[in-house]
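Note sheet for the following structure.
Any read-out appearing in this document is the output of simple, stated calculations on the displayed coordinates, not a laboratory observation. No experiment lies behind these values; they were computed from the predicted model shown. Don't worry about glycine lacking a Cβ; one is built from the backbone with ideal geometry, like all the others, and counts go over all protein chains shown.
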Amino acid sequence: MSILIIQENKTARYDYHIIETFEAGLVLTGSEVKAIRARTMQLKDSYVSFKGKEAFLQNAHISEYKASSYNNHHPERLRKLLLHQHELNAIYDSLREQGLTCVPLKVYFKKGRVKVEIALVKGKKNHDKREAIKKRDVDNQLRRVKQTSR
């Protein structure tokens, strides 16, 4: 099974504690799929919202496809997420009761379809972010020492 990662939301892993992840399909137009294949998508500041019993991806920017006709898509329109009903219910209940947020982590192609990995997350405090930076720096230094000793 081939998976081609198009865009990854690295700031989400830095800003939030990831609690649970889900894989969702995306409802897209043809020009959006072509623009995603050209890797002109950004997930920064995007999130999942609910309207009724349906989930939508908001603020995900997919640039207009240059070779498309006059029927091009709007870059930041709402895009419906395709999930099973039990997954929608679990996400909706967590958002309402536990005060969590739902953000996209990455967009990728799987078997020719565009998929989004979304996650229920809880915000990190500033001291948690500082600890993550310290841990990352220590890991990088250890990796450099191991490479130079070879």
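Any idea how many residues of region 36-48 are small (Gly, Ala, Ser) and either more than 13 Å from Glu76 (Cα to Cα) or surrounded by fewer than 18 Cβ atoms within 10 Å (Cβ to Cβ) (or both)?
Counting residues in region 36-48 that are small (Gly, Ala, Ser) and either more than 13 Å from Glu76 (Cα to Cα) or surrounded by fewer than 18 Cβ atoms within 10 Å (Cβ to Cβ) (or both) gives 1.
Restricting the search to region 103-132, which residues are exposed (fewer than 11 other Cβ atoms within 10 Å of the Cβ) and under 22 Å from Tyr16 (Cβ atoms)?
Once the filter is applied, which keeps residues that are exposed (fewer than 11 other Cβ atoms within 10 Å of the Cβ) and under 22 Å from Tyr16 (Cβ atoms), region 103-132 yields Lys125, Asn126, His127.
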